[in-house]
1. Return the total of residues in the stretch B:74-103 being out of contact with any Gly (no Cβ under 7 Å at 6 or more places or on another chain), facing another protein chain (nearest Cβ under 7 Å), farther than 13 Å from B:A145 by Cβ and among the hydrophobic types (A, V, I, L, M, F, W, C).
2. Kindly indicate the residue of the stretch B:1-47 that is charged (D, E, K, R) and near ligand 1 (Cβ under 9 Å from one of its atoms) and also most open to solvent (accessible area, probe 1.4 Å) among those meeting that condition.
3. Can you say whether B:E50 is surrounded by fewer than 20 Cβ atoms within 10 Å (Cβ to Cβ), in a loop (DSSP other than H, G, I, E, B), within 14 Å of ligand 1 (Cβ to nearest atom) and free of Cβ contacts under 8 Å to residues at least 40 places away in the same chain, as far as the supplied structure shows?
4. Kindly list the number of the only condition in (1) within 23 Å of B:R27 (Cα to Cα); (2) away from every other protein chain (no Cβ under 12 Å) that fails for B:E114.
5. So which of A:V165, A:V204, A:V196 is closer than 17 Å to A:V58 by Cα and assigned to a helix (DSSP H, G or I)?
6. Closer than 30 Å to B:M20 by Cα and either out of contact with any strand residue (DSSP E or B) (no Cβ under 8 Å at 6 or more places or on another chain) or more than 16 Å from ligand 1 (Cβ to nearest atom) (or both), is that true of B:S61?
7. Given the structure, is B:Q129 within 16 Å of ligand 2 (Cβ to nearest atom) and free of Cβ contacts under 8 Å to residues at least 60 places away in the same chain?
8. Are any residues in the stretch B:181-197 open to solvent by 70 Å² or more (accessible area, probe 1.4 Å) and either at pLDDT below 90 or touching a Gly at 6+ places or on another chain (Cβ under 8 Å) (or both), and if so, which ones?
Amino acid sequence: MIVDQLINGIVLGSVYALMAIGYTMVWNVLRFINFAHGEVYMGGAFVALTTMYLGAPVWLAYSCGMLSGALLGYLMEKLVYKKMRTAPKLNLLIAAIGIAIVLQNSAQLIWGASPERLASPFLANNVNIGGMMVNQHYIFIIIVTIIVMFLLEFFMNRTLMGKAVQAASQNIQATELMGINANKVISITFAIGSGVGALAGILVGPVFLVFPTMGVFAGLKGFTASVMGGMGNIPGAMVAGLMLGVLESFAAGFISSGYRDAVAMVILLAILLLRPQGIFGKVVAEKV
Amino acid sequence: MLKVQGLNTYYGQVCAIEDMNIHVKEREAVSVIGANGAGKSTLLKSIMGEVRPKSGKITLSDKTITNSRTFRLVNHGMTLVPEGRQVFPYLSVWDNLLLGGYTLSTKERLQMAEEVSEPFPILRDRKNQAAGLLSGGEQQMLAIARAMMVSPKLLLLDEPSMGLSPRLVYEVYEKITELHQRGTTILLVDQNAEMAIDFCDRAYVLMAGRLVGEGTKDELKDTEIVQKSYLG
Ligand SMILES: Nc1ncnc2c1ncn2[C@@H]1O[C@H](COP(=O)(O)OP(=O)(O)O)[C@@H](O)[C@H]1O
Ligand SMILES: [Mg+2]
């Protein structure tokens, strides 16, 4: 039972961690919360669903979904947020909420409101782990998440473009003085964060199904995890996402499944009140 | 090399630079002095494309660069060491340098990092430390070395002596003089008029967004206004 909940929690947490990355990366370069990120998660899942419906193999459908998510995030920034760079952050926030609603309604118009299951080649099989049967798709989610985290870690810390993304999050004006096109860095950040968010939606599609409002709660959970991890802290967001998933899963398993969503909200409030810099905060202190 | 003609820059309704005309010739070292709030930073930011001038014309090697994006200007051989150094505090000293050479090839970038850090042993000793942990003087050295990564033809410096002890101010100016002697054209602004005038071939005096004086080093040292206002 405990191991069961733990595995459920890790699976859930993987998804929250992937979502949290998007919030944290965007906050890093623009200092605002992209509240339409949940809709990127939903959009990616729907595109994967449609691509598969048109006859594409699973890997191609998943990739298409992820790329469309990246494109959706890219366009959001290019067409809306970029025009509001110098506007008050509240305007951006309202714009993001507006985009979220438009995307939800568009999805409903195109695909309808009834949930549909995204196919997975793994869903029908179980793996025996120490005498316990675990769905193979769950293992797939965990492995993909680990791979994404390694790739992201590599990109951010081992490539010059990743360093430029970090630089932009610390001082965007000085980034241009390095001969770096800051707009390009922002676009790339949006595309990566959104691609990873869409991947999260695709990964849960076979389990929790795909529907127009699927991004609302996932978004809230991802946002909670990014706050827990310390806004702007990418490794923090990953760890916090996992923690949140496990906590939720235990709450649902041992108290009542009705408390699942309440757990996240209680944690969010507690962090905002008691430790707004997040559990992990920032690594180095700034000195001038 | 650099020509600023009839430049006007506003922050909203507030005029920060009014009808400014300055120029910098190849291999020259030019200083702009003026009190706090005179518009020195705004002048450099207008040249560097960080703030948008309302009117006027800026040319770099006879090419009009008014309203060019900052990163493009860096690629055209002009860069700025901004006020307050602006190093990336959470990145290592070495990564700060490497980012300065973002536009170079990997091989050139590593080579340049070795080259520009040579005069600054402290940067090499502490290459893996977060840049935010360096002292103000060390950060200034890093900011200068970082700007040199692209071997700029024209280097702009905004208040390189700000917040530094007299000994460090001297050291920073020594390094800038070295760069100038090795062929870099320099335009610097500083509140520290004594150092700035001593260093330059020619200087401009700024007051409330307007040019109120200009001349060679010796001319300016004798000018009454500079004597009274800045050199005491
Ligand atoms: N971002 C800004 N918004 C509004 N006013 C500004 C801004 N930056 C500078 N100013 C004003 O413009 C004038 C010139 O400032 P600045 O160029 O920074 O002077 P200096 O570098 O000589 O100290 C000052 O009066 C300052 O208050
Ligand atoms: Mg200034």
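The values are calculated or read from the model by the stated rules, or taken from the named source; none is laboratory data. Treat the numbers as computed from the prediction; the structure is a model and nothing was measured. Here the Cβ is made from the backbone with ideal geometry for all residues, glycine too, and neighbour counts use every protein chain on show. Quick note on the areas: whole protein, heavy atoms, side chains included, nothing else; ligands and nucleic acids left out. Shrake-Rupley method; radii C 1.70, N 1.55, O 1.52, S 1.80 Å.
1. Residues flagged as out of contact with any Gly (no Cβ under 7 Å at 6 or more places or on another chain), facing another protein chain (nearest Cβ under 7 Å), farther than 13 Å from B:A145 by Cβ and among the hydrophobic types (A, V, I, L, M, F, W, C) within the stretch B:74-103 amount to 3.
2. Step one: filter the stretch B:1-47 for residues charged (D, E, K, R), giving B:3, B:18-19, B:25-28, B:40, B:45.
So of that shortlist, the ones also near ligand 1 (Cβ under 9 Å from one of its atoms) come out as B:40, B:45.
Details: B:K40: 9, B:K45: 72 Å².
So, considering only residues that are charged (D, E, K, R) and near ligand 1 (Cβ under 9 Å from one of its atoms), the one most open to solvent (accessible area, probe 1.4 Å) is B:K45.
3. On the way: surrounded by fewer than 20 Cβ atoms within 10 Å (Cβ to Cβ): yes; in a loop (DSSP other than H, G, I, E, B): yes; within 14 Å of ligand 1 (Cβ to nearest atom): yes; free of Cβ contacts under 8 Å to residues at least 40 places away in the same chain: yes.
Yes, satisfied.
4. Here B:E114 meets the rest and fails (1).
5. On the way: A:V165 fails: closer than 17 Å to A:V58 by Cα; A:V196 fails: closer than 17 Å to A:V58 by Cα.
Being closer than 17 Å to A:V58 by Cα and assigned to a helix (DSSP H, G or I) holds for just one of A:V165, A:V204, A:V196, which is A:V204.
6. Working: closer than 30 Å to B:M20 by Cα: yes; either out of contact with any strand residue (DSSP E or B) (no Cβ under 8 Å at 6 or more places or on another chain) or more than 16 Å from ligand 1 (Cβ to nearest atom) (or both): yes.
In short, yes.
7. Numbers: within 16 Å of ligand 2 (Cβ to nearest atom): no; free of Cβ contacts under 8 Å to residues at least 60 places away in the same chain: yes.
No, not satisfied.
8. So the first thing to find is which residues in the stretch B:181-197 are open to solvent by 70 Å² or more (accessible area, probe 1.4 Å), and the list is B:181-182, B:191, B:194.
Residues satisfying the conditions are B:Q191, B:E194.
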